[in-house]
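Following: one structure in structure tokens, then a few remarks.
The values are calculated or read from the model by the stated rules, or taken from the named source; none is laboratory data. These figures come from a predicted structure and were not determined experimentally. Here the Cβ positions follow ideal geometry from the backbone for every residue, glycine too, while neighbour counts run over all protein chains shown.
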Amino acid sequence: MHNAPFFLKYRLHHLVFWMLVFGVWFFLRADEYSRQSTAFKVTAIKVADLALMIYITNYVLIPRLLYKKKYGWFALGFVLLILTSSIIKMYILGRVTHNPALYDWSSDIKRRVYDNILPHFFLVIAGAAVKLVFDYRQLQQRMAETAKEKAEAELNFLKSQINPHFVFNSLNSVYFLINKDNSDARNALHKFSEILRYQLYEMNGEKVPVEKEIRYLKDYMDLQQLRKDDKYAVEFHCADSVKGFSIEPLLLIPLVENAFKHISHHRNGRNYVEVKMQRENGQFLFTVKNSKEHQPTTESHGGIGLQNVKRRLELLYPGKHDFKVSETAVVFTVSLNIRLS
């Protein structure tokens, strides 16, 4: 619902533009026809024909063929579009003006090509050029925003690195001070050490193998499980197919943190956090569910964390992801679908 004003404004811009084109065209060519009604119909047909060709080129041929480097198919589709549209337009105009000569291509074909097909080529190319310019500007803006987000993340990361060697040496010292019989404490400290190691040393590149991200999530959930008693269930399900691809680091952890932050605390009901991930048909599917309190809270369930994830997805996976948040009286669910390259 929040996007409605934007789309309405976007549609109105298009409508106003084509109304202006219609008005100018009608003003310049109306004198060529004996009746105003005929001039009106002819202008409407020509403007509708041009608009249809431009929209098909800009929203079908360019994104599905040109941007996917299928240049031959794009050229073929573009030529066929112009030829087909020109023939259909001339046929309709011939019927409307009662002039069979307009759709008779057996004679004076050079004039037909010069008066109809060539103008279509140049006009549609001009419309496509506008589309390419706007797309290029959006790409540049997105790249600038991504670079800014990355720089800020790296700055925050550097600020958080307080002599990692000292931290690890301290953890090792604490580990050996713990009684060997206290396996839970040693295991928890070991997992915390692995989490810290991942954050400090294994996130040097833009992406990391998904196996490392999964191991990081599992260690975090195991630590959270240690903090809960038997009334809280923590379930982690990862399909065997989730492997062999890379993902942005720390992209999933805010979703899991949010679930633990807002988990319910029912005395007689079930309290749980459930994480599922799988890979199907070239897509990575990630789902987090948690039980929630029946009564609404004053604090937003998603908060800043989910908003940040949403923003990162828009920058890192534009047009290649689906992010949904749903809520019932007792369950909060976050679903992420990333289309892998």
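For the reader, a short list of remarks on this structure follows.
- Matching entry among Lys310, Lys243 (being under 15 Å from Leu336 (Cα atoms), out of contact with any Lys or Arg (no Cβ under 6 Å at 6 or more places or on another chain) and in the same structural domain as Ala329 (by TED's automatic domain parsing)): Lys310
- Which listed residue, of Arg267, Arg279, Arg197, is outside any loop (DSSP other than H, G, I, E, B), charged (D, E, K, R) and in the same structural domain as Tyr317 (by TED's automatic domain parsing): Arg279
Okay, residues lined up against (1) free of Cβ contacts under 8 Å to residues at least 40 places away in the same chain; (2) touching a helix residue (DSSP H, G or I) at 6+ places or on another chain (Cβ under 7 Å); (3) not in a helix (DSSP H, G or I):
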position: Asp240; (1), (2), (3): yes, no, yes
position: Gly244; (1), (2), (3): yes, no, yes
position: Leu251; (1), (2), (3): no, yes, yes
position: Phe260; (1), (2), (3): yes, yes, no
position: Thr287; (1), (2), (3): no, no, yes
position: Leu306; (1), (2), (3): no, yes, no
position: Gly319; (1), (2), (3): yes, no, yes
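- Residues that are modelled with pLDDT of 70 or more, in a helix (DSSP H, G or I) and more than 37 Å from the chain's Cα centre (by Cα) occur at least once in region 163-184.
- Any hit, region 276-296, residues being surrounded by fewer than 18 Cβ atoms within 10 Å (Cβ to Cβ), of a type in the set (Ser, Thr, Tyr) and at pLDDT 90 or above: yes
- If you go through region 46-84 and keep only what is under 19 Å from Phe17 (Cβ atoms) and crowded, with 16+ Cβ neighbours inside 10 Å, you end up with Lys46, Val47, Asp49, Leu50, Ala51, Met53, Ile54, Ile56, Thr57, Asn58, Ile62.
- Total residues in region 244-272, condition touching an Asp or Glu at 6+ places or on another chain (Cβ under 7 Å) and of a type in the set (Val, Ile, Thr): 1
- Any chance Val256 is surrounded by 18 or more Cβ atoms within 10 Å (Cβ to Cβ), closer than 23 Å to Ser193 by Cβ and under 27 Å from the mean Cα position of the chain (by Cα): yes
- Flag for Phe236 being out of contact with any Gly (no Cβ under 9 Å at 6 or more places or on another chain), assigned to a strand (DSSP E or B), under 18 Å from Ile195 (Cα atoms) and in the same structural domain as Glu327 (by TED's automatic domain parsing): yes
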